1. Using amide H atoms built 1.01 Å from N in the peptide plane, name the residues 5+ places from Gln76, or on other chains, whose amide H lies under 5 Å from its own.
2. Rounded to the nearest percent, how much of the accessible area of the stretch 81-123 (1.4 Å probe, protein heavy atoms only) is carbon and sulfur?
Amino acid sequence: AAGLWTVFTLGGVGSKASAQLEQCSPLASQSLLLLLVLANLTDAPDTPNPYRQAIMSFKNTQDNTAFSSSNPHAFQINFNSLYTALCEQQKSDQATLLLYMLLHQNSNVRTYVLARTDIENLV
């Protein structure tokens, strides 16, 4: 989960411009592209895609509800940090694709974003 957190926060360089992101942190950019490719692979007939399952099911660390460990791909992430990183990186195609995928496939992220009062930062 720590490696996935690095990908979600774009390597901790959320305040840099997109061109600078490519130059300063190519690993974060390439990792995000890899995550997007892996999460969008088709499911096998008998086994669902574990990367897609992880993207669809992660929860907020600030959420007070009990964390269910029944899903082997479940993990928690700080949605505030994720939201801030995505807002700062909207000039990046990779970050926009990640946001699109999260809004459509993870109801926890969608609920969090819709509850934010500063959604204009994202738009």
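The values are calculated or read from the model by the stated rules, or taken from the named source; none is laboratory data. What you are looking at is a predicted structure, and each value in this text was computed from that prediction instead of being measured. The protein model used for the area step is the full one, side chains on, heavy atoms only, and it has no ligands, DNA or RNA in it. Shrake-Rupley method; radii C 1.70, N 1.55, O 1.52, S 1.80 Å.
1. Lys59
2. Carbon-and-sulfur percentage of accessible area, whole number: 56.
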